[in-house]
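Coordinate-derived values only; no laboratory data. Model, not experiment: these values are computed from the prediction. Counting neighbours? That spans all protein chains shown, and the Cβs are built from the backbone with ideal geometry, glycine included.
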Amino acid sequence: MQQPGVLLHHRGDFEVLLGHLREMVRYEVSLYAHTLMSNRIHLLLEAPTTDALGHPLRWLMTETARKDVRYLFAGRTNRVA
């Protein structure tokens, strides 16, 4: 059972998030440091402008949420008639 407030449950969750961080290069964002914990993420990022940071962060959070939704409902969904 998942615990409230825990974002990353298994080693694979951390690896998926690290893969997403590697993919952020396409947005011209520099990642200088990161700390991944089960309930939070700290990132030290640099973007060419402040406005340029919104899109990559939105992408990162969306991709992470998609992974979490798939995990939450894996094996629990029934066929739609």
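Using the Karplus relation 6.51 cos²θ - 1.76 cosθ + 1.60 with θ = phi - 60°, the per-residue 3J(HN,Hα) values for region 41-51 come to 9, 10, 10, 10, 10, 9, 10, x, 9, 4, 4 Hz, with x marking Gly and Pro.
Restricting the calculation to Cα atoms, every distinct pair contributes to the Kirkwood radius of region 11-71, found to be 12.1 Å.
Here the simple spin-label model places points 7 Å from the Cα toward Cβ, and for Arg11 and Ser30 these points are separated by 3.3 nm.
Can you work out the PRE-style zone for Glu46? Point 7 Å along Cα to Cβ, and I want the residues of region 16-34 with backbone N under 14 Å. Answer for this model: 28-33.
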